[in-house]
Amino acid sequence: MATLIHTLADHSDDVNYCAFSSSCLATCSLDKTIRVYSLNNFTELSYSPLRGHTYAVHCCCFSPSGHVLASCSTDGTTMVWDTRDGRTLAVLEQPSSSPVRVCRFSPESTYLVSGAADGSVVLWNMQSLKLYRSGNVKDGSLVACAFSPNGNFFVTGSSSGDLTIWDDKMRCLYNEKAHDLGVTCCDISSQPISDGEHGFRYFQMASCGQDTQIKLWLILFADFLGVELKYKCTLNGHSAPVLACAFSCDGQMLVSGIIFSVLVNKLNHFLVNFHTFIFICRYVTTCAFAPYSPLLATGSMDKTVNIWQFDLKQPCAGNTVENESMVAVEDWTEDDVSAWLCAQDLADFVGLFKMNNIDGKELLNLTKESLTNELKIESLGLRSKVLQKIEELRIRISDSVTVPDEFLCPITRELMKDPVIAADGYSYEKEAMENWISNKRRSSPMTNLPLHSLMLTPNRMLKMAISRWLETRQK
């Protein structure tokens, strides 16, 4: 079912956490460092390891775009890094200076949550990199966090055993005693399921604890109904505290890590089929599925990270709609759209699109307004990326010619005539970027992060490439 394909042994102390982006794997450790590897060959990137924390690093996570990495530490800070060059973008200090145990980006990169040992939880605005709202759990240290797929709610877990649901205004909406000896981790699947009774779409949530149990929940996130948490069942396959868990991107598998082993359960609408396999490792502390490829990473107290490759096919493991010319886009099913999203490096939107029943016809009719008002995609950069991919699909339908991604301006989604490079490293149409800046915007259209410079540099190489491409089309 899975094969060990690589072992990373660069950390000098316990590995605490690992996280994937579409192209990288990040790991962090008690040795105060974060290491970043390319998924192409698992070589460490030139700027790695990232150093800046003065004590152990407990958690790390990528933004949905993969361009930003966050890490948190016993030193009471959450650091934000640029994954393209390793630059430090911000050092966010927990107001209480308490050790920070967990950090998570919202699905649209609007917010970053940091949770600390004193129970404090902070919501940081990622555009301004300033504190937005803060709160506290009732009791215990905050050790786990997971966002809802739409980003409007998030769940925290504490060492006292509570699961708490918050909205994006930091209002406590629900609290549940889940594990008697304390929660250790939690994760929410991006794939919705129907309750079969009222037609509501729930999401699967797993919580793990010191009590050796994994509990599965049905959780409903709805602005008009509030939130609802339903206990579903308990998995008792472990005989020691469960230290980590993660859903695969298609929601069909749940991986959990304990001391000495990793257990993977095949899930089918919460009917647990114990088609399981155990990887004999030592002191497993973290596990994570890759979003676009059939890879699983497990980290351990033996200072290593193991990379496993699955043999089974998964919808988000790089499968695409087979032979697009054979199936008209307007006839695509919701699953076809999901496969297309994954192929376009947009797998983070699979859950959102499925929740809104987006099939091929609906996909082609999406506009900036519908992405903003109906799908609630707040980030301009992410909206532009989705619209750019949809526009390419429309062009391919109309004249069977696909405009290369790099030739389209991220702001206007039109072929660039005078491309320039901004401080965020992206290329834009000069006039569009100048208008962006003249409207007193000082953030990147793609990442929403502050631009450290407003200088625009002509991209002559790209301009020549566009000219050659246009000449080829005219022949």
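Listed here are the residues, each with its yes/no results for (1) open to solvent by less than 20 Å² (accessible area, probe 1.4 Å); (2) at positive phi; (3) of a type in the set (S, T, N, Q); (4) not in a strand (DSSP E or B).
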| position | (1), (2), (3), (4) |
| --- | --- |
| Phe42 | no, yes, no, yes |
| Tyr55 | no, no, no, yes |
| Cys61 | yes, no, no, no |
| Gly66 | yes, yes, no, yes |
| Ser71 | yes, no, yes, no |
| Met79 | yes, no, no, no |
| Gly86 | yes, yes, no, yes |
| Val91 | no, no, no, no |
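For (1) modelled with pLDDT of 85 or more; (2) surrounded by fewer than 19 Cβ atoms within 10 Å (Cβ to Cβ), each residue gets a yes or a no:
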position	(1), (2)
Ile193	no, yes
Glu197	no, yes
Thr212	yes, yes
Trp217	yes, no
Val227	no, yes
Lys230	yes, yes
Ala244	yes, no
Phe247	yes, no
Val262	no, no
message: Give me the residue from segment 423-475 that is of a type in the set (Gly, Ala, Ser) and in contact with a Phe, Trp or Tyr (Cβ under 8 Å, 6 or more places away or on another chain) and, out of that set, least open to solvent (accessible area, probe 1.4 Å).
response: Ser444
- prompt: Any idea how many residues of segment 286-335 are open to solvent by 20 Å² or more (accessible area, probe 1.4 Å), over 16 Å from Ala246 (Cα atoms) and at pLDDT 50 or above?
  reply: 11
message: Can you tell me which of (1) closer than 30 Å to Arg442 by Cα; (2) modelled with pLDDT under 95 is the one Leu131 doesn't meet?
response: (2)
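Is it the case that segment 188-205 has a residue that's closer than 18 Å to Val68 by Cβ and touching an Asp or Glu at 6+ places or on another chain (Cβ under 7 Å)? Spell out the reasoning first.
Taking segment 188-205 first, the residues closer than 18 Å to Val68 by Cβ are none.
No, because not a single residue in segment 188-205 is closer than 18 Å to Val68 by Cβ and touching an Asp or Glu at 6+ places or on another chain (Cβ under 7 Å).
Conditions tested, residue by residue: (1) part of a loop (DSSP other than H, G, I, E, B); (2) on the phi > 0 side of the Ramachandran plot; (3) open to solvent by 30 Å² or more (accessible area, probe 1.4 Å).
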position: Ser128; (1), (2), (3): yes, no, yes
position: Arg133; (1), (2), (3): no, no, yes
position: Lys138; (1), (2), (3): yes, no, yes
position: Val143; (1), (2), (3): no, no, yes
position: Tyr174; (1), (2), (3): no, no, yes
position: His179; (1), (2), (3): yes, no, no
message: As an exercise: evaluate Glu108 against (1) more than 24 Å from Pro445 (Cβ to Cβ); (2) assigned to a loop (DSSP other than H, G, I, E, B); (3) open to solvent by less than 20 Å² (accessible area, probe 1.4 Å) and give the number of the one condition it does not meet.
response: (1)
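Here is a check on your reading of the model: is Met433 hydrophobic (A, V, I, L, M, F, W, C), modelled with pLDDT of 80 or more and outside the structural domain of Ile377 (by the TED database)? Explain how you work it out, then say what you get.
Values: hydrophobic (A, V, I, L, M, F, W, C): yes; modelled with pLDDT of 80 or more: yes; outside the structural domain of Ile377 (by the TED database): yes.
When the stated conditions are applied, Met433 passes them.
The values are calculated or read from the model by the stated rules, or taken from the named source; none is laboratory data. Predicted model only: the values in this text are computed from it and were never measured. Here the Cβ is made from the backbone with ideal geometry for all residues, glycine too, and neighbour counts use every protein chain on show. When the accessible area is computed, the model is the full protein with side chains, heavy atoms only, and any ligands, DNA or RNA have been set aside. Shrake-Rupley method; radii C 1.70, N 1.55, O 1.52, S 1.80 Å.
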